[in-house]
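Novice: I'd like to ask some things about the structure below.
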Amino acid sequence: MNDNPCGNIKKLYANIGKLITSSLDLDAILEGIMEEIRIYFNAENWSLMRLDPNSGELFFVIVQGIDKKAVENIRLSPGEGIAGIVAKTGESIFVPDTSKDPRFSDRTDKISGFTTHSIIAVPMTFRGATYGVIELINRTTGNYFSEDEHLILQTIADFSAIAFANRGIYEEALLIANTDPLTGLYNRGKLDCFIRDQERIHELNRRARDNNNYYITVLVDIDDFKDVNDIFGHQTGDRVLKKIAELLNASTRRNDMIFRLGGDEFLVLLSANSQKQVKRIEKRIVMEMEKICRFQIEDDYVVSFSYGISSGTSEKLNDAIHQADINMYDYKKKQKVSY
């Protein structure tokens, strides 16, 4: 650790505070924090591990002092080794001499070829949520870490956890802003942003002729939806909207985008890499739409929807949506005549 500890600590905390408040780019913030750790501490090895909230396992995100490729596939089980215990308990661990501590696991050392003598592992925890663990391993001077360094690293980890929490709040706000609350589908605002993004991407790549992305657009409109609300009430109407959202989700691929445009209109965007693939997807989606476009609700009442399909390149997405709208109304007219 550097001389003039008071001044250096103030500078360290000030720099990290600036990182957290200046951006919502979590990767950049964490890289900056780990760089501050490099500058401040005399460590041979330092790393940041993320906690998988589903499995409880830890995996390496940022690694310095050893080859990242050697540890990129390592996942520490809950409670495995010092870091695993820290993640599981939410409490930091300072081990001046790992040879005297039975909690230490040398699995990572065996894989990486590194030898751990002294370790500080601190949890990144904020308001009861643990996001990962920061570790310092071995002083470059050969001495063991100190308790003061342990406390300083814990403070840094607390700062880091705030960055994780801020990013989570931001992503939640984006989700709310871009999602229809009734169906869970994307909303019109998300569609407008997506179209603008596609136009910007095309502008950047306008000289690359082979970089065209294609989209199949499917516009869906419920037939006589007002009658459903008038006869059965708005709660049943909401159930119908949710049902159509479920049917569309079940009939499309995971990477396809589905929007509720408002009222009883829906839009599906299916991506394709070539015109040949466009034709194949169009054929499949017509078959899927015909399977689901009529379904029964209360008292044997049948709900149906009309749909229109069109396709085009990403920079002309609005044109494709407009043509799908025209095709949908043509379909609706033909259905009324046939009934």
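Novice: Given (1) at pLDDT 90 or above; (2) open to solvent by 50 Å² or more (accessible area, probe 1.4 Å); (3) under 28 Å from VAL240 (Cα atoms), where does LEU185 come up short, assuming only one miss?
Specialist: (2) is the only condition that LEU185 fails.
Novice: Name the residue, out of ASP210, ASP227, ASP197, that is within 23 Å of the chain's Cα centre (by Cα), modelled with pLDDT under 95 and acidic (Asp, Glu).
Specialist: ASP197
Novice: A follow-up question, please. Note down all Cβ pairs under 7 Å where the first residue falls in region 315-327 and is under 19 Å from ILE201 (Cα atoms), the second is modelled with pLDDT of 95 or more and open to solvent by less than 20 Å² (accessible area, probe 1.4 Å), and they're at least six residues apart or on different chains.
Specialist: ALA320/THR217; ALA320/SER310; ILE321/THR217; ILE321/LEU219; ILE321/LEU267
Novice: From ARG188, ARG127, which residue is touching a strand residue (DSSP E or B) at 6+ places or on another chain (Cβ under 6 Å) and of a type in the set (Lys, Arg)?
Specialist: Result: ARG188 is the single residue among ARG188, ARG127 that is touching a strand residue (DSSP E or B) at 6+ places or on another chain (Cβ under 6 Å) and of a type in the set (Lys, Arg).
Novice: Right, next: Quick one: count up the residues across region 237-266 that are of a type in the set (Asp, Glu) and part of a helix (DSSP H, G or I).
Specialist: Here the count works out to 2.
Novice: Take GLY263 and tell me if it is under 23 Å from LYS242 (Cα atoms), open to solvent by less than 50 Å² (accessible area, probe 1.4 Å), without any contact (Cβ under 8 Å) to a residue 40 or more places away in the chain and not hydrophobic (A, V, I, L, M, F, W, C).
Specialist: yes
Novice: In region 283-314, what residues are among the acidic types (Asp, Glu) and more than 31 Å from the chain's Cα centre (by Cα)?
Specialist: GLU290, GLU298, ASP299, ASP300
Novice: How many of the residues in region 46-102 are open to solvent by 20 Å² or more (accessible area, probe 1.4 Å) and either among the β-branched types (Val, Ile, Thr) or touching a residue at least 60 places away in the same chain (Cβ under 8 Å) (or both)?
Specialist: 9
Novice: Is it true that some residue in region 268-279 is part of a helix (DSSP H, G or I), crowded, with 16+ Cβ neighbours inside 10 Å and modelled with pLDDT under 95?
Specialist: yes
Novice: Go through region 116-125 residue by residue and tally those that are touching a Ser or Thr at 6+ places or on another chain (Cβ under 9 Å) and open to solvent by 30 Å² or more (accessible area, probe 1.4 Å).
Specialist: 1
Novice: Now for a different question. Inside region 126-170, can you point out the residues that are part of a strand (DSSP E or B), open to solvent by 30 Å² or more (accessible area, probe 1.4 Å) and at pLDDT below 90?
Specialist: Result: ARG139, single match.
Novice: So which residues in region 94-125 are of a type in the set (Ser, Thr, Tyr) and either assigned to a strand (DSSP E or B) or in contact with a Phe, Trp or Tyr (Cβ under 6 Å, 6 or more places away or on another chain) (or both)?
Specialist: Selection gives THR98, SER118, THR125.
The values are calculated or read from the model by the stated rules, or taken from the named source; none is laboratory data. What you see is a predicted model, and the numbers here were worked out from it, not measured in a lab. As a convention, Cβ positions derive from the backbone with ideal geometry for all residues, glycine included, and neighbour counts pool all protein chains shown. Calculation scope for accessible area: heavy atoms of the full protein, side chains included, ligands and nucleic acids excluded. Shrake-Rupley method; radii C 1.70, N 1.55, O 1.52, S 1.80 Å.
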